Amino acid sequence: MKIFKDKQTLQKEISKTNGISFVPTMGGLHKGHISLIKQSKRFKLKTLVSIFVNPKQFNKERDFRNYPRNPKNDLKILKKLKINYLYIPKYKDIYGFKPKQKVFLDKFSKRLCGRYRKGHFEGVLNVVNRFIEIIKPKYIFLGKKDYQQLYLIKKHIERRKIKTKIIECKTIREINGVACSSRNLNLNKNQMKIASNIYYYLYNIKKKIKKNYNLFNINKIKKDLIDLGANKIDYLENYNIKNFKKLKKASKKFNLFFAYHIKNTRLIDNI
Ligand code: AMP
């Protein structure tokens, strides 16, 4: 595994390859990231993983500071996976140039997480656009756990006619149902149990809503989540995942999107 800290040496190396399969991350690696990397390795191009905690996508300084970082463990995991390249850029490497493409921000960026984290998706698209210009990957691997993010990146790539192809990867969960997330590192045992109970509760509700849409009583569900131990619910909404239209009646193709807090930890998921 070759480690790069600046884009000039990285680009020189990339120019010798047949193309790159790219897995962007913010570190704090877990089974979700590992599954993206394993899929990337199947594509038979060189796999490049980046670790960059992007300050521009955090709307609160405290959230940025508290974001779980675990560089030693990350290195151990990546070495074991035998990836080809690791890129750990400094802020200036990413933000010290003017990208050729302007970011396209679809209007859906105002919904769900966009309503509760002002500037979040502007920050995500900004960094992804820059990474794509630096690396020019053939493939980029993104997790469905962050489905709104994936959708908005897809819209940007389509609108700007970028050649990179998105590979959508399924959500990996702990045995207790909770979606793997770097932020889970901030949960204690009891809080993890709360997250697990919330997952199973919503999983079962979704099954029932599929049969009878009248059961989608948001206020009742939100109250139940608080009773289960959540401290605050940001949102709980149903969308058709193909076009992000809101549902009015029962349909097979919908996901339940939710974001909630357990003490200071904010968790998002969709099922
Ligand atoms: P992050 O490091 O949280 O920015 O995530 C980097 C990539 O890993 C994103 O494409 C995420 O959607 C993806 N990812 C994070 N958690 C999971 C998970 N539990 N299952 C699958 N992919 C995930």
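The values are calculated or read from the model by the stated rules, or taken from the named source; none is laboratory data. Given the structure is predicted, the values throughout are model-derived calculations rather than measurements. Cβ atoms come from the backbone with ideal geometry, glycine included; neighbour counts cover every protein chain shown. Side chains included, ligands, DNA and RNA excluded: accessible areas come from the protein's heavy atoms. Shrake-Rupley method; radii C 1.70, N 1.55, O 1.52, S 1.80 Å.
Given a 1.4 angstrom probe, what's the average accessible area per residue across the chain, in square angstrom? Please report the intermediate quantities before stating the final value.
Values: 14630 Å² over 271 residues.
Per residue, the chain has 54 Å² of solvent-accessible surface.
Can you tell me the order of 214-221, 102-109 when each peptide is scored by its average per-residue count of other Cβ atoms within 10 angstrom, highest first? Before the final figure, lay out the partial values.
Working: 214-221: 13.1, 102-109: 16.5.
Taking the mean over residues of other Cβ atoms within 10 Å, the ranking is 102-109, 214-221.
Can you tell me which of 57-64, 198-205 comes out highest on packing, and rank the rest after it, using the mean Cβ neighbours within 10 Å? Before the final figure, lay out each step's value.
Details: 57-64: 13.8, 198-205: 16.9.
For the peptides 57-64, 198-205, the packing ranking is 198-205, 57-64.
Projecting each Cα onto the charge dipole of the chain (Lys/Arg +1, Asp/Glu -1 at the beta carbon, about the Cα centre), which of ILE194, ILE226, LEU215 comes out farthest on the positive side?
LEU215
Placing +1 at every Lys and Arg Cβ and -1 at every Asp and Glu Cβ, with all other atoms neutral, what dipole size does the chain have around its Cα centre, in debye to the nearest 20? Display every interim value, and only then the final one.
Working: 67 positive and 18 negative charges, 151 e Å.
Dipole magnitude for the chain comes out near 720 debye.
Compute the distribution of all C-alpha to C-alpha distances in segment 208-250, in bins of 5 Å from 0, and list the percent of pairs in each, rounded to whole numbers.
5, 19, 25, 22, 17, 10, 1
Sort 231-240, 1-10 by packing, meaning the average of other beta carbons within 10 Å per residue, with the highest value first.
On the way: 231-240: 16.9, 1-10: 14.9.
Result, highest mean first: 231-240, 1-10.
In the full protein assembly as shown, how much of HIS33 is accessible to a 1.4 Å probe, in Å² to the nearest 10?
So the heavy atoms of HIS33 present about 30 Å² to solvent.
What Kirkwood Rh does segment 1-122 have if only Cα atoms enter the pairwise 1/r average? Answer in Å. Intermediate values should be presented prior to the final figure.
Numbers: mean 1/r = 0.0622 Å⁻¹.
It works out to 16.1 Å.
Can you give the translational diffusion coefficient of segment 182-270 in µm²/s, computed by Stokes-Einstein from the Kirkwood radius over Cα pairs at 10 °C and 1.306 mPa s?
Numbers: Rh = 13.6 Å.
Answer from the Stokes-Einstein relation: 117 µm²/s.
Rounded to the nearest 5, what % of the DSSP beta bridges within the chain are antiparallel ones? Each step should come with its number before you reach the end.
Details: 16 of 35 bridges.
Expressed as a percentage, antiparallel bridges in the chain total about 45.
Dipole of segment 183-234, Cα-centred, from +1 at each Lys and Arg C-beta and -1 at each Asp and Glu C-beta, to the nearest 20 debye? If you can, show how the numbers build up before the last one.
Numbers: 12 positive and 3 negative charges, 42 e Å.
The dipole of segment 183-234 has a size of about 200 debye.
Please compute one quarter of the surface area of the Cα convex hull for the chain and express it in square nanometres. Mind showing how you got there, number by number?
Details: hull surface 57.1 nm².
Hull-based average projected area comes out at 14.3 nm².
For the chain, what does -39500 (n - 2.57) per DSSP helix run (n ≥ 4), summed and divided by total residues, give at 222 nm, in deg cm²/dmol to the nearest 500? Could you put the intermediate results ahead of the total?
Values: 10 runs with 109 residues, N = 271.
So the calculated ellipticity at 222 nm is -12000 deg cm²/dmol.
So between LYS165 and LYS208, what do we pick up on full extension, going 0.36 nm a residue minus the alpha carbon distance? It would help to have the intermediate numbers written out before the result.
Numbers: separation 43, 0.36 × 43 = 15.48 nm, distance 3.55 nm.
Roughly 11.9 nm would be gained on extension.
Just to make sure I understand: if all protein chains stay in place, what is the order of GLU168, GLU158, GLU122 by accessible area at 1.4 Å, largest first? Kindly include the intermediate steps, with their values, before the conclusion.
Details: GLU168 65, GLU158 105, GLU122 85 Å².
Final ranking, largest accessible area leading: GLU158, GLU122, GLU168.
Can you compute the modelled spin-label distance between TYR235 and LYS90, with each label point 7 Å from Cα toward Cβ, in nm?
Distance between the two pseudo-spin positions: 3.7 nm.
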